[in-house]
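The values are calculated or read from the model by the stated rules, or taken from the named source; none is laboratory data. Computed from a predicted structure; not experimentally measured. Cβ atoms come from the backbone with ideal geometry, glycine included; neighbour counts cover every protein chain shown. Quick note on the areas: whole protein, heavy atoms, side chains included, nothing else; ligands and nucleic acids left out. Shrake-Rupley method; radii C 1.70, N 1.55, O 1.52, S 1.80 Å.
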Amino acid sequence: MSVLPEWFALLVFVLFGLLFGSFGNVVIWRLPRAESIVSPGSHCPACGHQVRGYDNIPVISWLVLRGRCRDCGEPIAVRYVVVEAASGVLFGLAAFRYGASWQATVAAACFWLLLVLAIIDLDHMRLPNVLVALLAGIGVLGAVVSEQFDVTLAPLTYGWVAHPLLLSVLGAALGMGLSGGVAALYGLVRHKRGLGMGDVKLLGALGLLTGPYVVLALFAGSILGLVAGLWASRGSELSETRIPFGPWLAMGGIVVMLGGPSVWEWYAHAVGIA
Ligand SMILES: [Zn+2]
């Protein structure tokens, strides 16, 4: 696939990212409500009017309509555009990092799932199993076919653990073991839940995708989550503020999939162990 000029591949990925972002908005709204994600077509939540095809162009339609429904004039939440744009940017990053390749396609699919999971977690404080399972499926499938298609997102290259499937299983065990341990410890000390089972499962899926680099994802996600928690709780008790952990884990996962080995090198250098 690398015969395509780089800018063209980047453009194609960004355009697909915008379209998938638009679909992501549908999934984010309907999946937690157990509504069909294919029918009926999109409609305005205020007046119920069907959204016309030409009013359903990612980002552009929202700008043309100046953020209002064509029928009733009710504002359309800026969140929809943010999700579309974020999806476009994430697909672009996948292409930028991996070129026009299978890896870029796999990375883009994972980023899309993580974006949708993050927003659903923000809205509903839960991570739907079906999306986490899709992520895990990509991880296992990627490891199985990585001899034929180079799809490994965060490869390790030394010794007997170099087999991709073994790395995936090791990553899942590390991700679920560490987060499960933290959750159990937190429950013992604080007598309430910090991490949910959804977070533990998500770390298992991230482990299947990134192997042992999942530890970095957990570490990065924890720091981001702590900063967000401190910010959200300003003026009130930190322990009383409930923020979902999924979005920060998702961000940690994306960072690792984009640059796991270099993030690790940077960190190892910074703390003086390499
Ligand atoms: Zn309307």
**Message:** I need to check one value: relative contact order of the chain, counting alpha carbon pairs closer than 8 Å and at least 6 residues apart, in percent.
**Reply:** 18
**Complete:** The relative contact order of segment 1-100, taking Cα pairs under 8 Å that sit 6 or more residues apart, comes to a percentage of 48
**Fraction of accessible area attributable to carbon and sulfur, segment 46-95 (%, probe 1.4 Å)** = 62
**Prompt:** Rounded to a whole number of µm²/s, how large is the Stokes-Einstein D of the chain at 20 °C and 1.002 mPa s, given Rh as the Kirkwood radius over C-alpha pairs?
**Reply:** 108
**Message:** Could you give the length gained by full extension between Leu230 and Arg70, i.e. 0.36 nm per residue of separation minus their alpha carbon distance, to one decimal place?
**Reply:** 53.6 nm
**Message:** For the chain, what does the helix formula give at 222 nm: sum of -39500 (n - 2.57) over DSSP H segments with n ≥ 4, over the residue count, nearest 500 deg cm²/dmol?
**Reply:** -22000 deg cm²/dmol
**Message:** Suppose each label sits 7 Å from its Cα in the direction of the beta carbon; what would the Leu141-Ala77 distance come out to in nanometres?
**Reply:** 3.0
**Prompt:** So what is log10(I(q)/I(0)) for segment 1-100 at q = 0.10, 0.12, 0.25 1/Å, when the Debye sum runs over its Cα atoms only?
**Reply:** -0.32, -0.45, -1.29
**Simple spin-label estimate for His163 and Val51 in nanometres, 7 Å along Cα-Cβ** = 4.7
**Solvent-accessible heavy-atom area per residue, rounded to whole Å², over the chain at 1.4 Å** = 54
**Message:** Using a 7 Å offset from the Cα along the Cα-to-Cβ direction at both Ala268 and Leu188, what is the distance between the two label points in nm, to one decimal?
**Reply:** 3.2
